[in-house]
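Worksheet: the structure to be examined is printed underneath.
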Amino acid sequence: MRYELFSPTRPELPFATTDLELDFDAEQWARQWALAHEDAGDDFTVRGSDGKFSASVFRTKAGQCYIMRKPAAA
């Protein structure tokens, strides 16, 4: 499935995309992307193309990255 990483300031234009099989892999990909691209910001959303997966990605000033899954749309 295709996963896309978005900035809250430009939710219509993805920063990055990837094709992965599992939502967990998408979480890890988003975390690594956020840590590697410090100049892109500190807050992102990763979404699956099927509309069933969405998670917030937060990077702290200390260099840690957290993922918070959002409830699936009904």
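Summary of computed values
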{"read-out": "Neighbourhood charge, 14 Å Cβ-Cβ cut-off, centred on GLY48 and excluding it, Lys, Arg +1 and Asp, Glu -1", "value": "-2"}
{"read-out": "Difference of contour (0.36 nm per residue) and Cα-Cα distance, THR18 to MET1", "value": "5.3 nm"}
{"read-out": "In degrees, nearest ten, helix 23-36 long axis to first principal axis of the chain (Cα)", "value": "20 degrees"}
{"read-out": "Charged-residue dipole, Cβ positions (Lys, Arg, Asp, Glu), the range 2-69 about Cα centre, Debye nearest 20", "value": "200 debye"}
{"read-out": "Sorted peptide list for 9-17, 49-57, criterion being average Cβ within 10 angstrom, highest first", "value": "49-57, 9-17"}
{"read-out": "Dipole of the chain, positive end: most advanced residue of TYR3, CYS65, THR18 [Cβ charges, Cα centre]", "value": "CYS65"}
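No lab work stands behind these numbers, since they all come straight from the coordinates. Treat the numbers as computed from the prediction; the structure is a model and nothing was measured. Please note: Cβ atoms are built from the backbone with ideal geometry, for glycine as well, and neighbour counts cover all protein chains shown.
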